[in-house]
Amino acid sequence: MRKEILRFDQVTCPPDLKNVNFTIYEGEIDGLIGIDSLGLDYLVDTIQHNLPLHYGWVYYNEIKVNDYCQTLHTANKIVVLQKKNSLIGTLSVAENLFIIRNGYREHLINYKMIRQQTQMILSSVGLQIDPARPAAYLSTCEKWILELAKAWISGVKLVILRDVENLVTENDLSRIFNVMHILAGHKMSFLYICSHHQAAFRICDRCFLMKQGRLIRCLDKSQMTDEIMRHYLYAFNNRVADAGRRRYFTTPDTGTAEGFYCRMDNFEFSLKKGETVVILDTDDKVITSFFRKLKSNIPARAVLRIDGKPWKYGSRKYALIVTHPLETMLCQQLSVLDNLCLPFYNKMKNFWPTKTNKEALAKDVYPVFGDTVYASSLYGLDPAILYDIIYLRTFILHPSFLCVVQPFASVDMLTRLKLLSYFDKFRERGITVCILSYSLSDFLQVADRMIVVRDGRVQNEYLQKDFQLYSERSGSNPC
């Protein structure tokens, strides 16, 4: 009989969780796919910190740790790996692995011993690094593997991973998956939370589908197919396969006019006017430095052009959208209309948000936001509305060139649908779009061309009709 590591029994906590039932067994890798984002954060917090319940029971390691009658207010021994890691950058790998963890009881530290043990443990999970190396100098993948090893030696039974595929390259993702399989063989369990089913299908033994705070289906390995998913993602699937979208790829060529050009050390590429291109950085050596150049007042050692003209900092001709834009590109305390007007202050001369201008803007965007357009702040608004603000104001600004970093990172499947429609609108308006990514998800559904970058230089280019030739892509079909 398999040992239960985590069990939710009729857990209800409106409006986030509604009669949630699932079980995770020892040594199992399970996936949780959020069709929308409702309830995901509360579910993770409940697993980790035993939040109060309206109804239901929670069992961890076959012990009841939470129910609707009594909350212990204690944290379960569970590790959550996400964008922000728990390592201390100024300490070495060995110190992070052994000393900075619960259960370490030594008063005197034998550095020679812990470094030897560190090498032995990390080699067993396929990671070869210097134990004396500061954690701050590790790559994102190495930090995640180090945290997995730390959880293993700490006796953690369950590790929750969130949006791994959006934070590391394809090669690094394969390394992390290999480590997960190794640790699953040592009876550690995993809950892999992601927003795209094909990412979960690559590694998971079972997958749970969550929508509107409910688990609507549990899929075993034999049921993890696109055909099954079409029953639950009809609108999403219909959107991607719509013949109306495909006409964009059968229209005449966008021409030869230059929309954007970049030369930075060994990295050089150009985009045609109105073209949508995905730049896939397979080893994370270009995206960060390239985007930093775009944001820089004086981009040193780089040649940049828009529409054949030199790059001008602060120009209305370009727009930039960072990864996780809800955290840095919005002002929560300002109204929806004020947030829509934010980029116009710097991009348009003599622009002032008078009452008349705001009323005209509200009338134009009312079909998108409804009465929410008159909200006095962004607090409590749905994330989908916040994405509407960012992308719609970019559309209204009408730049010649738009650069977006990981647009689908940490968004649910319905928000992906919304963003796909915005990229179609950019295409219709003739805006040159550059999508920077570490991995492929739904980007190929909107791209005319893909540029693969390795070791800081362009390795290959693929037209839309040749995307299937790229053997390393995964999860590129969103249906």
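Quick one: net charge around residue 118, please, counting Lys, Arg +1 and Asp, Glu -1 for every other residue with C-beta under 14 Å from its C-beta. That works out to +1.
Please give the peptides 162-170, 382-390, 76-84, 305-313 ranked by average Cβ packing (other Cβ atoms within 10 Å per residue), highest first, as a rough proxy for protection. It would help to have the intermediate numbers written out before the result.
Working: 162-170: 22.7, 382-390: 18.9, 76-84: 16.8, 305-313: 14.1.
Result, highest mean Cβ count within 10 Å first: 162-170, 382-390, 76-84, 305-313.
Mind putting a number on the dipole of the chain about its Cα centre? Charges go on the C-beta only, +1 for Lys and Arg and -1 for Asp and Glu, and I need it in Debye to the nearest 20. Don't skip to the answer; put the middle values down first.
Values: 59 positive and 50 negative charges, 209 e Å.
So the dipole magnitude of the chain works out to roughly 1000 debye.
The stretch between residue 55 and residue 397, if pulled fully straight at 0.36 nm per residue, gains 118.3 nm over its current Cα-Cα span. The residue among 121, 232, 186 whose Cα reaches farthest toward the positive pole of the charge dipole of segment 117-240, with charges on the beta-carbon of Lys, Arg, Asp and Glu, is 232.
When you count the other C-beta atoms within 10 angstrom of each residue and take the mean per peptide, 354-364, 404-414 line up highest first as 404-414, 354-364.
So how strong a dipole does segment 241-469 carry about its Cα centre when Lys and Arg Cβ are +1 and Asp and Glu Cβ are -1, to the nearest 20 debye? If you can, show how the numbers build up before the last one.
Details: 31 positive and 25 negative charges, 179 e Å.
Magnitude of the dipole: close to 860 debye.
Across segment 241-469 the C-alpha pair distances fall into 5 Å bins from zero in the proportions 1, 6, 14, 18, 19, 17, 13, 8, 4, 1, 0 percent.
A simple spin-label model places pseudo-atoms 7 Å from Cα toward Cβ; at residue 1 and residue 108 they are separated by 4.9 nm. In this calculation the C-beta distance from residue 100 to residue 71 is compared with R0 = 22 Å, giving a FRET efficiency of 0.15. Rounded to the nearest 10 degrees, the angle from helix 383-397 to the longest Cα principal axis of the chain is 20 degrees.
Cross-link partners of residue 18 among aspartates and glutamates, defined as those whose alpha carbon lies under 19 angstrom from its own and excluding same-chain residues fewer than eight positions apart: 9, 36, 41, 45, 67, 382, 412. Annotation for residue 429 and residue 455: the two label points, set 7 Å from Cα along the Cα-Cβ direction, are 4.1 nm apart.
Loop-located GluC sites (Glu not before Pro) in segment 31-116 (DSSP state other than H, G, I, E, B) with a sparse environment of at most 11 neighbouring Cβ atoms within 10 Å: 62, 106. Straight-line reach from residue 355: taking Cα to Cα under 18 Å and skipping same-chain neighbours fewer than 8 places apart, the lysines in range are 363.
Computed from these coordinates, which is mean projected area of the Cα convex hull in nm²: (i) 25.7; (ii) 28.3; (iii) 30.6? Read-out taken from this structure: (i). Dipole of the chain computed with +1 at Lys/Arg Cβ and -1 at Asp/Glu Cβ about the Cα centre; of 168, 81, 402, farthest Cα towards the positive end is 402. When +1 charges are put on Lys and Arg Cβ atoms and -1 charges on Asp and Glu Cβ atoms, the dipole computed for segment 130-216 relative to its Cα centre reaches about 400 debye.
Modelled label positions at residue 379 and residue 334, each set 7 Å beyond Cα in the direction of Cβ, lie 1.8 nm from each other.
Available extension along the chain between residue 120 and residue 355 is 77.9 nm, counting 0.36 nm per residue and deducting the alpha carbon span.
From the square roots a ≥ b ≥ c of the eigenvalues of the alpha-carbon gyration tensor of segment 255-328, which class results: rounded (a/c under 1.5), prolate (a/b over b/c), or oblate? Rounded.
Comparing 13, 195, 69 along the charge dipole axis of the chain, the residue lying farthest to the positive side is 195, per the Cβ-charge model.
Suppose a student asked you for the relative contact order of segment 350-467, using Cα pairs under 8 Å spaced at least 6 residues apart; what percent would you report?
Reported as a whole number, the value is 17 percent.
Bear in mind these aren't lab numbers, they're just calculated from the coordinates by the rules spelled out. Keep in mind that this is a model prediction, so the values were computed, not measured. FYI the Cβ positions are ideal-geometry reconstructions off the backbone, even for glycines, and counts take in every protein chain you see.
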